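Input: a single structure, listed below in structure tokens.
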Amino acid sequence: MKSTTYILGISAFYHDSAAVLLKDGDIVAAAQEERFTRKKQDPRFPSNAIRYCLESEGLILGDLDYVAFYDKPFLKFERLLETYYAFAPRGVRSFALAIPVWIKEKLFLKQLLRNELEELGLGDLRAKIMFPEHHVSHAASAFYPSPYEDAAILTVDGVGEYATTTIGHGRGNQIELFREIDFPHSLGLLYSAFTYHTGFRVNSGEYKVMGLAPYGEPKFVQLIYDHLINVKNDGSFKLNMKYFDYATGLRMTSPAFDHLFGHEARKPESKLTQHEMDMAASIQVVTEEIMLKLARFAHKEAGSKNLVLAGGVALNCVANGRILREGPFKNIWIQPAAGDAGGALGAALTMWHVFLDKPRNSDNTRDKMKGAYLGPAFSDAEVERRLGVMGAVGRKVEEDTLLGETARILNEGCVVGWFQGRMEFGPRALGARSIIGDARNKEMQKKMNLKIKFRESFRPFAPSVMTEKVSDYFELDRETPYMLLVDYVNKGRRIEMTDEQKSFFGIEKLNIPRSDIPAVTHVDYSARIQTVAKDVAPRYWKLHDAFRKLTGYGILVNTSFNVRGEPIVCTPEDAYLCFMRTEMDYLVAGQWILKKSDQPPLKDTQDWRRIYQLD
């Protein structure tokens, strides 16, 4: 008799496809398809991610008991038809593009999934395929892996089938969603409209808007409330669709939007102006205020001291920080893969806890995400073999030597590619696939942005800090292992601006050191913090400790191991190519240390800018 239950969760066909494997309800593997295909936010069927999940446990398709897809295609199709009907005759071009794809493929998703799975060549599929609703998947991804026995649930994103926002309550192994805001009224799509207007890619550049906001003044907040969105005290809202085109068109905003703000949408890659900074500041304030109202309503209705969040808007870590500081909850927890990738996890967990009615154990302290270290790992022997094929030159050293040398290298102002253990699941690099540097270095932010990441100079970098030292640097008093909370640098570490500096506008603020850890201090003294726990990420914690013993600072700059437009690296080959294409000084992969000046010329002469679409 089969004693182990395996459930495969899948998200696909919109953006950021992913796969997750549960073994008797335990998350044993999870990965996004983009990491394998090297196409950022790859929406295609996650063949590579599924293969990884199955092979990590030595499984074939016949070993799976259930496959769970993260939304209901028939409901989504119904919503599309209703939307086109409601807005007719607008949207004819969009209708002509969308409907044939649905009729030929997406309406027959169960058979499409079965065909795609069996094309993997891993045997025949006997598992039952199930389809939880999109926001149920989000809610499940937020509540079930959280530390809490009971919690209010808030999910906010662009759109699922109908819902764009849900509020509910989780207790034990059950979830109840009791409030829903439906399309086209969407806080996520409102934020994306401003992303589009400021010249960044929708579903990709929203975090740039969040990073740009502190350079601007929130001049347009009242204009947004007067014309774009009507918000009630309970956080419910309606958009004025006169200003938007996303419901049936091919653009996010209508000409009325540009007319309202007296400015056309910025062309991508063109110079940023004060207008874009003020627009970013304004929509950020509105988003934070609405999220606070929604959270307060969730607290009132659910009656819990805990809040869990998921959906793309839950990646807005500035809003999350305000909810923690100003909201009524004692504790909040955000799913690290809060976007659609995490829907694969939520779908699988819904099958385990709701469909199969399996119990859930929580200690109100530790979550079930294992630090989000759920992707592929490579042994030192594999690293040696794979890098050898690339022609790499390096030294293998014992761990104590590795940590000591890396700390010394960082102290000298060098930038290090850090490739260790299992790859992270979700959009953040958390010390497994990271580029790291010295947070004290005044030139580090500029160096990393322009010479390593090849990205816009305004964008801030995040700190990773030993959990037990977080309050030495920040006002935060708790763990935040997934880099999903923004808080402020301690007042004693801040460098106050002169009267002249206070008069600066926009990007003029960029090069003014704000603290004794300037590389991770944003212009408003904030930071997007990652705490590193010894029992969750032991080698990364030990590196911080080695650096602390050398310098007195248990904090580092941590940014994702990639260049702009590239997914975070997955394999040793990916890491070496990124290392060689940039001005990183060292690569530390497993127990191997590679110095840039020791490497032979890179055989691959492709210009990465032609390989990756800029985000």
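The values are calculated or read from the model by the stated rules, or taken from the named source; none is laboratory data. Treat the numbers as computed from the prediction; the structure is a model and nothing was measured. A quick note on method: Cβ atoms are made from the backbone with ideal geometry, for glycine too, and the neighbour counts reach across all protein chains shown.
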Scanning region 1-15 for residues that are part of a loop (DSSP other than H, G, I, E, B) and buried (at least 24 other Cβ atoms within 10 Å of the Cβ) gives 12
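Listed residues 180, 161; which is assigned to a loop (DSSP other than H, G, I, E, B) and among the acidic types (Asp, Glu)? It would help to see each step written out before you state the result.
Details: 180 fails: assigned to a loop (DSSP other than H, G, I, E, B).
From the options 180, 161, the qualifying one is 161.
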Going through (1) part of a strand (DSSP E or B); (2) surrounded by fewer than 20 Cβ atoms within 10 Å (Cβ to Cβ) one by one, residue 151 fails only at (2)
**OP:** Determine if region 360-383 includes at least one residue that is among the hydrophobic types (A, V, I, L, M, F, W, C), surrounded by 22 or more Cβ atoms within 10 Å (Cβ to Cβ), touching a Ser or Thr at 6+ places or on another chain (Cβ under 6 Å) and on the phi < 0 side of the Ramachandran plot.
**Re:** no
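Do we have residue 535 as in a helix (DSSP H, G or I), of a type in the set (Asp, Glu) and out of contact with any helix residue (DSSP H, G or I) (no Cβ under 7 Å at 6 or more places or on another chain) here? Walk me through it before giving the result.
Working: in a helix (DSSP H, G or I): no; of a type in the set (Asp, Glu): yes; out of contact with any helix residue (DSSP H, G or I) (no Cβ under 7 Å at 6 or more places or on another chain): yes.
Criteria not met by residue 535.
Can you pull out the helices (runs of 4 or more DSSP H) entirely within region 217-331 that have at least 3 residues that are within 17 Å of residue 189 (Cα to Cα)?
Where helices (runs of 4 or more DSSP H) fall fully within region 217-331 and carry at least 3 residues being within 17 Å of residue 189 (Cα to Cα), they are 255-261, 274-302.
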In region 162-187, anything touching a residue at least 40 places away in the same chain (Cβ under 8 Å), surrounded by fewer than 24 Cβ atoms within 10 Å (Cβ to Cβ) and under 25 Å from residue 283 (Cα atoms) is listed as 162, 179, 180, 181, 183, 184, 185
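Residue check: is residue 557 assigned to a loop (DSSP other than H, G, I, E, B), buried (at least 20 other Cβ atoms within 10 Å of the Cβ), within 20 Å of the chain's Cα centre (by Cα) and in the same structural domain as residue 447 (by TED's automatic domain parsing)? If you could, list the steps in order and put the result at the bottom.
Working: assigned to a loop (DSSP other than H, G, I, E, B): no; buried (at least 20 other Cβ atoms within 10 Å of the Cβ): yes; within 20 Å of the chain's Cα centre (by Cα): yes; in the same structural domain as residue 447 (by TED's automatic domain parsing): yes.
No.
Please find, among 142, 98, 68, the residue that is of a type in the set (A, V, I, L, M, F, W, C), at pLDDT 95 or above and assigned to a helix (DSSP H, G or I). Walk me through how you get there before you give the answer.
Working: 98 fails: at pLDDT 95 or above; 68 fails: assigned to a helix (DSSP H, G or I).
Only one candidate passes the filter, namely 142.
So, in region 466-491, of the ones that are farther than 25 Å from residue 546 by Cβ and not in a loop (DSSP other than H, G, I, E, B), which residue ends up farthest from the chain's Cα centre (by Cα)?
We begin by selecting, within region 466-491, every residue farther than 25 Å from residue 546 by Cβ; these are 475, 477, 484-488, 491.
Still in the list and also not in a loop (DSSP other than H, G, I, E, B): 485-488, 491.
Numbers: 485: 12, 486: 14, 487: 18, 488: 21, 491: 29 Å.
Once the filter is applied, the top-ranked residue is 491.
Please specify each residue of region 133-164 satisfying the condition of being touching a strand residue (DSSP E or B) at 6+ places or on another chain (Cβ under 6 Å) and within 30 Å of residue 246 (Cα to Cα).
Listed by number, the residues that qualify are 135, 138, 139, 141, 142, 153, 154, 155, 156, 162, 163, 164.
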Those residues of region 16-55 which are at pLDDT below 95 and surrounded by 23 or more Cβ atoms within 10 Å (Cβ to Cβ) amount to 16
Picked from region 261-272 (must be surrounded by 18 or more Cβ atoms within 10 Å (Cβ to Cβ) and out of contact with any helix residue (DSSP H, G or I) (no Cβ under 6 Å at 6 or more places or on another chain)), the residue farthest from residue 216 (Cα to Cα) is 261
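Determine which member of the set 254, 304 is hydroxyl-bearing (Ser, Thr, Tyr) and either in contact (Cβ under 8 Å) with a residue 40 or more places away in the chain or crowded, with 19+ Cβ neighbours inside 10 Å (or both).
Working: 254 fails: either in contact (Cβ under 8 Å) with a residue 40 or more places away in the chain or crowded, with 19+ Cβ neighbours inside 10 Å (or both).
None of the others qualify; the one that does is 304.
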Can you say whether residue 237 is modelled with pLDDT of 95 or more, touching a strand residue (DSSP E or B) at 6+ places or on another chain (Cβ under 6 Å), within 24 Å of residue 324 (Cα to Cα) and of a type in the set (Phe, Trp, Tyr), as far as the supplied structure shows? yes
* Asked: Does residue 204 satisfy being out of contact with any strand residue (DSSP E or B) (no Cβ under 8 Å at 6 or more places or on another chain), farther than 23 Å from residue 509 by Cβ and modelled with pLDDT under 95?
  -> yes
Selection from region 564-581 of residues in a loop (DSSP other than H, G, I, E, B) and surrounded by fewer than 21 Cβ atoms within 10 Å (Cβ to Cβ) yields 564, 565, 571
* Asked: Yes or no: residue 275 at pLDDT 95 or above, surrounded by fewer than 21 Cβ atoms within 10 Å (Cβ to Cβ) and more than 21 Å from the chain's Cα centre (by Cα)?
  -> yes
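Yes/no per residue for (1) more than 23 Å from the chain's Cα centre (by Cα); (2) outside the structural domain of residue 542 (by TED's automatic domain parsing):
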residue	(1), (2)
330	yes, yes
339	no, yes
356	yes, yes
369	no, yes
391	yes, no
401	yes, no
409	yes, no
416	no, no
424	no, no
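Scanning for something farther than 25 Å from residue 79 by Cα and of a type outside the set (Asp, Glu), does region 235-252 turn up at least one residue? Don't jump to the end; show me each part of the working.
Of the residues in region 235-252, the ones farther than 25 Å from residue 79 by Cα are none.
No: zero hits.
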Handout entry: Filter pass, residue 193 being in contact with a strand residue (DSSP E or B) (Cβ under 8 Å, 6 or more places away or on another chain) and buried (at least 18 other Cβ atoms within 10 Å of the Cβ)
Key = yes
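Before we move on, is residue 116 within 29 Å of the chain's Cα centre (by Cα), among the charged types (D, E, K, R) and at pLDDT below 70? Explain how you work it out, then say what you get.
Values: within 29 Å of the chain's Cα centre (by Cα): yes; among the charged types (D, E, K, R): yes; at pLDDT below 70: no.
Considered against the rule, which asks whether it is within 29 Å of the chain's Cα centre (by Cα), among the charged types (D, E, K, R) and at pLDDT below 70, residue 116 comes out as no.
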Among residues of region 459-514 being within 25 Å of residue 200 (Cβ to Cβ) and small (Gly, Ala, Ser), the residue modelled with the lowest pLDDT is 506
Going through region 492-510 in order, the residues found to be more than 18 Å from residue 210 (Cβ to Cβ), within 29 Å of the chain's Cα centre (by Cα) and outside any helix (DSSP H, G or I) are 494
With criteria (1) surrounded by fewer than 24 Cβ atoms within 10 Å (Cβ to Cβ); (2) in contact with a helix residue (DSSP H, G or I) (Cβ under 9 Å, 6 or more places away or on another chain); (3) closer than 27 Å to residue 82 by Cα, residue 211 comes up short on (3)
Here the residues within region 242-266 that are acidic (Asp, Glu) and in contact with a Ser or Thr (Cβ under 7 Å, 6 or more places away or on another chain) are 245
